[in-house]
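Structure record follows, encoded as structure tokens.
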Amino acid sequence: METKYRIVKKSIKSKILDGTYKPHEKISSESEMMRQFNVSRHTVRLAIGELVSEGWLYREQGAGTFCADRTEQSRKDSGSRKNIAIVTTYISDYIFPSIIRGAEGYLSDQGYHVTLFNTNNDHEKERNYLEKIISQGFDGAIIEPTQSAYSNPNIDYYLNLERLNIPYIMINAYYDALEPVRVIVDDERGAYLQTEHLIKNGHKEILGFFKTDDMQGTLRMKGYLKSHREYGVPINPKHIIPYNTSEKHTKPIEELKTFLSQQGPHPTAIVCYNDELAMKLLDVIREKHLRVPDDLSIIGFDNSFLAEMSEVKLTSVEHPKSDLGKTAGKLILNLIKRKQMSQDGTEEVKSVIYSPELVLRQSTKNINASSKSLRDAT
């Protein structure tokens, strides 16, 4: 359990890092903090004293306590070493190692040291890492936003990055309100291609699984719906299965088991949020003694290493992975260069959106051809 003075200290420091207290601005009085935290004057003074000794605050005799300007100090602390932070929702899972290798390889070649941070798609961890980026003298940051479909509770930290002129870009998704430079895949188009491929192959009862606390999932759901509408295929609302990060290991599996256990006609195809989910759903399909693609077609997203791992080679949407990371590295260095040159004589740094392509393998079947063969046989 945290001591009272540490709670006070942490709160003051957070207000400095999120920009509530700006350099040379007077902080709340001791009396105000005593009331706010329901603590003694000694506790408040202990917290402030440590922050003064650590360089976060300074005192002026007869005037009060003020927020220090740590911009120059952070640069001195970091020395001559050039540092870039990479913040992703995951580090060692799925396609993330390839993305990180692409960025890290390029930045290392340019003489930059890279520090990796993993939020595990958690807003509190994201806040902690943003505090480190602000306080430890990083030259810039490549950030994959946390739960990007939701309103972000850390918006003040991003605004403080901008106020402090610390360049950052976003990858895979972005916080729409901030309109940052970003490197992303056209997720809506990717899911449109997934669904279009199935519709053109005769499928009308198509399940769609989408992780909707991230922007990628909401856009992929949009592409799924758009394809149905443009091809005049009725949309069954029960065939859309949204889930969030905390449910990703359970809800899709349970929902598919329910669909496959029902009496009557089953869906003939599945659109998956990504290849990782497709592998989990393949296990359910095997348990039900069904075959892919003879009984059920399935299509993934990201064209990851998983797409060719199983005995079922997965049709999937291409994701640039390593190239996306390398592009992110180029853009963040362009922003740093633009900052160093005070934007004079440098081109505006623009976002990059990759156009997806479908990689065809053996996990989908043309049921129009099957129906035609059956009619011919009779």
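Readers should treat all values here as calculations from the given coordinates under stated rules, not as data from a laboratory. For clarity, every value in this text was computed on a predicted model and none was experimentally measured. With ideal geometry, Cβ positions are generated from the backbone for all residues, glycine too; neighbour counts draw on all protein chains shown.
Key figures
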quantity: Using alpha-carbon coordinates, inclination of helix 187-200 to the longest axis of the chain, degrees; calculated: 10 degrees
quantity: Rounded if a/c under 1.5, otherwise prolate or oblate - the range 80-171, Cα gyration tensor axes; calculated: oblate
quantity: Helix axis angle, 41-53 relative to the chain longest principal axis, alpha carbon, degrees; calculated: 80 degrees
quantity: Eligible aspartates and glutamates near Lys330 by straight Cα distance, threshold 18 Å, same-chain separation 8 or greater; calculated: Glu104, Asp109, Asp139, Glu144, Glu347, Glu348
quantity: Label-reachable residues, the range 25-48, where backbone N falls under 19 Å from a point 7 Å from Ile7's Cα toward its Cβ; calculated: 28-48
quantity: Label-to-label distance, nm, for residues given as Asp186 and Glu348 (7 Å Cα→Cβ offset); calculated: 2.1 nm
quantity: Mean ellipticity per residue at 222 nm, deg cm²/dmol - from DSSP H runs of n ≥ 4 across the chain, formula -39500 (n - 2.57); calculated: -13500 deg cm²/dmol
quantity: Kirkwood-Stokes translational diffusion coefficient of the range 283-347, alpha-carbon pairs, 10 °C, 1.306 mPa s, µm²/s; calculated: 103 µm²/s
quantity: The range 222-356, Cα convex hull volume normalised per residue, Å³; calculated: 154 Å³
quantity: Debye, to nearest 20: dipole size of the chain, +1 on Lys, Arg Cβ, -1 on Asp, Glu Cβ; calculated: 420 debye
quantity: Furthest towards positive pole of dipole, Ser246, Gly202, Asn274, structure part the chain, Cβ charges; calculated: Ser246
quantity: Length-normalised contact order for the chain - Cα pairs under 8 Å, 6+ apart - percent; calculated: 16 percent
quantity: Spherically averaged projected area of the range 153-205 from its Cα convex hull (nm²); calculated: 5.2 nm²
quantity: Directionally averaged shadow of the range 144-232, computed from the convex hull of its alpha-carbon atoms, nm²; calculated: 6.2 nm²
quantity: DSSP bridge orientation in the chain - percent antiparallel, rounded to nearest 5; calculated: 20 percent
quantity: Exceeding the 19 Å Cα-Cα cut-off - candidates Lys9/Lys132; Lys10/Lys132; Lys22/Lys337; calculated: Lys22/Lys337
quantity: Spacing of the two label points (7 Å from each Cα toward its C-beta) at Asp122 and Val52, in nm; calculated: 3.5 nm
quantity: Degrees, to the nearest 10: 251-261 long Cα axis against longest axis of the chain; calculated: 10 degrees
quantity: Estimated FRET transfer efficiency (Phe37, Asp93; beta-carbon r; R0 56 Å; 0.05); calculated: 0.90
